[in-house]
Amino acid sequence: MKIHEFQAKQLLKQYGVPVPEGQAASTPAEVRDIASQLGRKVVIKGQVHSGGRGKAGAVKLADNPNDAEEIGKALLGKTLFFAQANSDLKINKLLVEEAVNIDKEIYVAITQDRARQRDVLIVSTKGGMDIEEVAHNNPADIANLYIDPLLGLPDYAARQVLFDANFDVAFINKTIPVLKALYAAYVGTDATLAEINPLVITKEGTVIAGDAKWDIDENSMFRHPEFAAFHDTAEEDPIETEAHRRGIQYVRLEGGDIGIIGNGAGLVMTTMDEVKRAGGKPADFLDIGGGAKAEAVTSSLEVVLSDPNVKGVLFNIFGGITRGDEVAKGIIAGVATLDVKVPIVIRLAGTRAAEGAELLKTTNLVPAETMQEAAAKIVELAYAAK
Ligand code: GDP
Ligand code: MN
């Protein structure tokens, strides 16, 4: 789960990473109030789930509360293009905080390195800019430390990675506790990404987080009830939000038009591959899970069909504990209530598949014997219609 910069900075502060003083605002008047409370030059930043806000024009400096309010008026409610997210995003909130006097911008991040099965701390003195660009053009400017989970991040390891990054020695001792606090925050919040770009060395010689990008492992939410408030449904895909509210495992895919429903993550992914191989573009990943009852099937179908791009739906069900006749009943019930305008192909195999197929005969749903046949059929029917 991605969270906003202002939320991530609250977390950083709790763990002892220095952050600028500031607050989030939803109206120009609030922007003005916060700026006048701070009583100094402020930076105003659009809160969207994307990086590259500076380039998109969503980060502005204001000398006084009047200017701050004007910037608030210009940015709030505005939709800008964010190249990093490759989409237009609407700005509903702004972070208003004291501007810092930047001397140096450092890149610092912690994330998972799956191949090494370690968390990795990444440091570069080429901060402020696109880290992917630095990695591509000047890989030697990036230092990595693979963190031993038993040791955590002791001083000597933090010192080593700063040396490896050719960090200004004058600031190493000041930066070590910041890296340690960042690691504690990363572990404590079950983050999968904790990125500070830039970590600012100010003209006054202090070290402070200028930005914060944070991604929290969704599977850890059960032990973080305090993060529920971080959900921003305005930033999330409305269909995904609705699916998750219904307890359905659903991921919407950009640019797709063939709805896919199956039982078991592996089977659903294989179905997506088959649809792609047959020349189709999968619109979603939906796993109805094991033992799915008719009601869950109807609900899943409704979710998939609520995507206006969907031109056809493919069910691929392998019956084990999920019974073919239950699934067939669910699809038939769903189709009866939903005013379905697109073709539906169904492949049933395994437990009670024959009974399921029998039920489907009375409908205009299209049966298929194998996954390959099902994929070919749905692609043909979906793209022939219209
Ligand atoms: P991002 O573009 O989404 O990564 O947003 P950032 O918060 O990193 O801001 C982008 C850039 O704006 C930074 O790299 C800085 O150069 C500049 N910036 C952000 N905050 C301040 C500030 O307080 N003072 C100054 N002078 N520049 C800032
Ligand atoms: Mn940044």
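Figures for the structure shown
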| quantity | calculated |
| --- | --- |
| Strands (runs of 3 or more DSSP E) lying entirely in the range 40-103 (those with 1 or more residues that are within 15 Å of ligand 2 (Cβ to nearest atom) and under 25 Å from Glu254 (Cα atoms)) | 42-46, 79-82 |
| Some residue of the range 69-90 being open to solvent by 30 Å² or more (accessible area, probe 1.4 Å), closer than 15 Å to Pro198 by Cα and in contact (Cβ under 8 Å) with a residue 24 or more places away in the chain | no |
| Conditions (1) assigned to a helix (DSSP H, G or I); (2) open to solvent by 60 Å² or more (accessible area, probe 1.4 Å); (3) within 23 Å of Pro282 (Cα to Cα): number failed by Gly247 | (1) |
| Options Tyr146, Tyr183, Tyr156; residue that is open to solvent by 70 Å² or more (accessible area, probe 1.4 Å), assigned to a helix (DSSP H, G or I) and aromatic (Phe, Trp, Tyr) | Tyr156 |
| Condition met for Ile142 (more than 15 Å from ligand 2 (Cβ to nearest atom) and over 23 Å from the mean Cα position of the chain (by Cα)) | yes |
| Candidates Glu274, Glu204 - the one that is away from ligand 2 (no atom under 16 Å from the Cβ) and open to solvent by 30 Å² or more (accessible area, probe 1.4 Å) | Glu204 |
| Subset of the range 308-365 [open to solvent by 80 Å² or more (accessible area, probe 1.4 Å) and touching a Leu at 6+ places or on another chain (Cβ under 7 Å)] | Phe318, Lys329 |
| Test result for Asp211, within 16 Å of ligand 2 (Cβ to nearest atom) and in a loop (DSSP other than H, G, I, E, B) | yes |
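The values are calculated or read from the model by the stated rules, or taken from the named source; none is laboratory data. Please read these numbers as outputs of a predicted model, since none were measured by experiment. Note that we place each Cβ from the backbone using ideal geometry, even for glycine, and neighbour counts take in every protein chain shown. With ligands, DNA and RNA removed, areas are computed over all heavy atoms of the protein, side chains included. Shrake-Rupley method; radii C 1.70, N 1.55, O 1.52, S 1.80 Å.
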